[in-house]
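*Asks:* I am attaching a structure below and will ask some questions about it afterwards.
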C-alpha cells in the first residue's frame, strides 16, 4: 500500500488531534475493503448516479446517504481515528446524531460492538473522532457508516508503525438486498450498527446492501429494473409506508415482485409489511394487498417466497418499539432483526 501523500500533497490529511504517531489511510485503497456502498464521481453511493437520477429527485438526493456502508480491515494499532468529509449531514429532532451522522466500530469476526465515533452537535461538512484500545494486538475492525449522511472522503488514522491487513470476507459473500422506506434506511437507530439489517446480518455473517430511501421508496419501474440485475442471495422488500395510498400499493407491489422474480427464478424473496404491532384499519387493508402478492405467488407454485407481517416484526417490542409510532427505536430494530434473522437463517441454509 503506497503512501499517496508523498506523491500528491493534496492527499496529505491534516488533523487537529494531539497525536504524534498518527498516519492516515484512504479507505479507497487496499487493504481496506468497503461494503454496501461504492465510490463514484467524488463520493460514496448506494446506487449508480445515473440510476438514481432516473428513479426520482428524492432517490437522487438520498442515494449518497451511506446507510449499510461498512469498512473492514485488520490492525494492531491501539487507536483508530476516523476523519470524515461529508457532502450532507442529516439532522433531525427525533434521530440521534450518532445514528444519522456518526459511525460505530465493531471488533472481531463476530463483530462485537466496541465504541462510536460521535460527531459534534454543530457538525456540517467534516469531523474527526478517535477511539482507543487498552492494548496493541491484531484486531479485525468493522466500521459502519452513517445512516442519513453522505461521505465524500473517509480516512482511517492508525499508529504509524501499525500492521494494516485485509480482513476476511463475509461467510455469505453474496449480499442480501433490502429495499424500502426510511425504516429500511435505518431511521431512527441510535447508531448505524443498530439498524435491523446490520443486526441481522452480523448474526448471519452476511454482506448486505441497504436500498432504503426515506419517504421515496415507491417501487418505481426504474428501481425494480435496477434491483433485478443485482447479484444477491436474498431480496427483502417493504415500502408500504412510502406508497402514497392503497391504490398505489396495489398497482406496484405485485408488479415489483414479478419483475424481480422473472429475472431471478430461484431467488428467495422476503415480503414484509410495515412494522406495526397494532395496525389501523387502513394498515390492515394495505396488509391484505401485500398478502395477495404472497398468496398469488404461492398459488402459482413459487417455493421461494416468504411473508413476514408487521405485527410479527414488532412482537418483542410491541408498542414500545418506536420514537413516533412509526420509526423504530433500538428496541424496535432489535425486535425486527430477531424475526428477520430467523427467517434469513432458514433461507441461507
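*Asks:* Which order do peptides 325-335, 294-304, 215-225 fall in by mean Cβ count within 10 Å, highest first?
*Replies:* Details: 325-335: 20.9, 294-304: 12.9, 215-225: 19.4.
In decreasing order of mean packing, 325-335, 294-304, 215-225 become 325-335, 215-225, 294-304.
*Asks:* Give the relative contact order (percent, whole number) for region 14-95; include only Cα pairs under 8 Å separated by 6+ residues.
*Replies:* 27
*Asks:* Length gain on complete extension for the stretch residue 291 to residue 136, per 0.36 nm per residue less the alpha carbon to alpha carbon distance?
*Replies:* Length gained, residue 291 through residue 136: 50.5 nm.
*Asks:* Could I ask something else about it? How high is the relative contact order of the chain, given as a whole-number percent (alpha carbon pairs under 8 Å, six or more residues apart)?
*Replies:* Reported relative contact order: 17 percent.
*Asks:* Further question: Percent antiparallel among DSSP beta bridges with both residues in the chain, to the nearest 5?
*Replies:* Percent antiparallel among DSSP bridges in the chain is about 70.
*Asks:* Label-point separation (nm) for residue 152 and residue 126, each offset 7 Å from Cα along Cα-to-Cβ?
*Replies:* The answer from the label model is 0.9 nm.
*Asks:* With r defined as the distance between the Cβ atoms of residue 50 and residue 220 and R0 fixed at 22 Å, what FRET efficiency is calculated, to the nearest 0.05?
*Replies:* Rounded to the nearest 0.05, the efficiency is 0.95.
*Asks:* Using 0.36 nm per residue, how much length does the chain from residue 205 to residue 346 gain when fully extended, once their Cα-Cα distance is taken away?
*Replies:* Result: 49.4 nm gained on full extension.
*Asks:* Which residues does a label at residue 324 reach in region 121-156, if reach means a backbone N under 19 Å from a point 7 Å past the Cα toward the Cβ?
*Replies:* Within reach of a label on residue 324, which here means backbone N under 19 Å from a point 7 Å along Cα→Cβ, region 121-156 contributes 147-150.
*Asks:* Kindly state, to the nearest 0.05, the FRET efficiency for residue 166 paired with residue 331, given R0 = 35 Å and r defined as their beta-carbon distance.
*Replies:* 0.50
*Asks:* For the pair residue 57/residue 263, report the inter-label distance in nm, with labels modelled 7 Å from Cα in the Cβ direction.
*Replies:* 2.7
*Asks:* If you line up the long axis of helix 281-299 against the longest principal axis of the chain, both from Cα atoms, how many degrees apart are they, to the nearest 10?
*Replies:* So the inclination is approximately 80 degrees.
*Asks:* Kindly state, to the nearest 0.05, the FRET efficiency for residue 311 paired with residue 247, given R0 = 22 Å and r defined as their beta-carbon distance.
*Replies:* Calculated transfer efficiency: 0.40.
*Asks:* Another question, if that's okay. Which label marks the calculated value of Cα extents along the principal axes in Å, given the options [x] 135, 86, 45; [y] 65, 39, 38; [z] 65, 53, 39?
*Replies:* Recomputing Cα extents along the principal axes in Å here picks out [y].
*Asks:* From the Cα gyration tensor of region 267-349, with a ≥ b ≥ c the square roots of its eigenvalues, which class applies: rounded if a/c is under 1.5, or else prolate if a/b is larger than b/c, or else oblate?
*Replies:* It comes out oblate by the Cα gyration axes.
*Asks:* Using the Kirkwood formula on the Cα atoms of region 172-348, what hydrodynamic radius do you get, in angstrom to one decimal?
*Replies:* 15.9
Values quoted throughout were computed directly from the atomic coordinates according to the rules given, and no laboratory measurement underlies them. Given the structure is predicted, the values throughout are model-derived calculations rather than measurements. Positions of Cβ are backbone-derived with ideal geometry, glycine not excepted, and every protein chain shown enters the neighbour counts.
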